[in-house]
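Everything below concerns the one structure shown next.
The values are calculated or read from the model by the stated rules, or taken from the named source; none is laboratory data. Because the structure is a prediction, the values reported are computed rather than measured. Every residue, glycine as well, gets a Cβ built from its backbone with ideal geometry; the counts of neighbours run over all protein chains shown. Ligands, DNA and RNA are stripped out before the accessible areas are found, and what is left, the full protein with its side chains, is counted by its heavy atoms. Shrake-Rupley method; radii C 1.70, N 1.55, O 1.52, S 1.80 Å.
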Amino acid sequence: FGGLAEFAVVKANQLMPKPEHLTWEEAASPGLVNSTAYRQLVSRNGAGMKQGDIVLIWGASGGLGGYATQYALNGGGIPVCVVSSPEKAQICRDMGAKHVIDRSVENYKFWKDPHTQDPKEWQRFGKKIRELTGGEDPDIVFEHPGRETFGASVYVTKRGGTIATCASTTGFMHEYD
């Protein structure tokens, strides 16, 4: 009955066969990232996304971000996808996203050094978002990088908007002024 047990007792309706072409890790990933993206973005305990919401999605071509992008597209939201390479930008476009920001092209540096953030970069980032959205700021920010991006996320979110976060893959110290 434990999470680390070699065998577990579950109801039959909780099981589905593992696709043969996937490893156990690959088969487990969609359930994890899909449920996390849903909780963060769609559920009433998360951002409660609705049709027409502009959703800024960090890492939009990856596991969490890829599902968030699909939820936004299929739920009537307007995703603004943030990625780190032209290849990842193309993945988002192939999913149907129209607004994509490639950080490698824009070269955003939200931190001047390990202790000093750069609000001018937040402003430049916000300007880019508004260029793509016709002057609108994000209603929702799907934030999971953490320390590296959290200050920028707070800055660009529409007044009264929502930042849905988990993970903090770049660090848990969310500092901003």
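Some values worked out for this structure:
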| item | result |
| --- | --- |
| Matching residues, the range 99-123, being outside any strand (DSSP E or B) and touching a residue at least 12 places away in the same chain (Cβ under 8 Å) | 103, 104, 105, 106, 108, 109, 110, 119, 121, 122, 123 |
| Residue under evaluation residue 126, criteria (1) small (Gly, Ala, Ser); (2) within 15 Å of the chain's Cα centre (by Cα); (3) in a helix (DSSP H, G or I), criterion not met | (2) |
| Some residue of the range 85-94 being surrounded by fewer than 13 Cβ atoms within 10 Å (Cβ to Cβ) and either part of a loop (DSSP other than H, G, I, E, B) or hydrophobic (A, V, I, L, M, F, W, C) (or both) | no |
| Per-region count, the range 18-54, residues under 17 Å from residue 164 (Cβ atoms), among the β-branched types (Val, Ile, Thr) and part of a loop (DSSP other than H, G, I, E, B) | 1 |
| Any hit, the range 103-116, residues being within 18 Å of the chain's Cα centre (by Cα) and open to solvent by 90 Å² or more (accessible area, probe 1.4 Å) | no |
| Qualifying residues in the range 55-70 (those that are in contact with a strand residue (DSSP E or B) (Cβ under 8 Å, 6 or more places away or on another chain), part of a loop (DSSP other than H, G, I, E, B) and open to solvent by 10 Å² or more (accessible area, probe 1.4 Å)) - the one farthest from residue 153 (Cα to Cα) | 61 |
| Pick from the range 123-164, criterion open to solvent by 10 Å² or more (accessible area, probe 1.4 Å) and at pLDDT below 90, ranking: nearest to residue 51 (Cα to Cα) | 144 |
| Of all residues making up the range 129-146, the number that are more than 13 Å from the chain's Cα centre (by Cα) and not in a helix (DSSP H, G or I) | 5 |
| In the range 147-177, the residues that are part of a loop (DSSP other than H, G, I, E, B) and among the hydrophobic types (A, V, I, L, M, F, W, C) | 166, 167, 172, 173 |
| Positions within the range 133-156 being over 15 Å from residue 68 (Cβ atoms) and out of contact with any Lys or Arg (no Cβ under 8 Å at 6 or more places or on another chain), in sequence order | 133, 134, 135, 146, 147, 148, 150, 151, 152, 154, 155, 156 |
| Odd one out for residue 73, checked against (1) open to solvent by less than 70 Å² (accessible area, probe 1.4 Å); (2) at pLDDT below 95 | (2) |
| Test result for residue 105, among the β-branched types (Val, Ile, Thr), in contact with a Phe, Trp or Tyr (Cβ under 7 Å, 6 or more places away or on another chain) and under 17 Å from residue 59 (Cα atoms) | no |
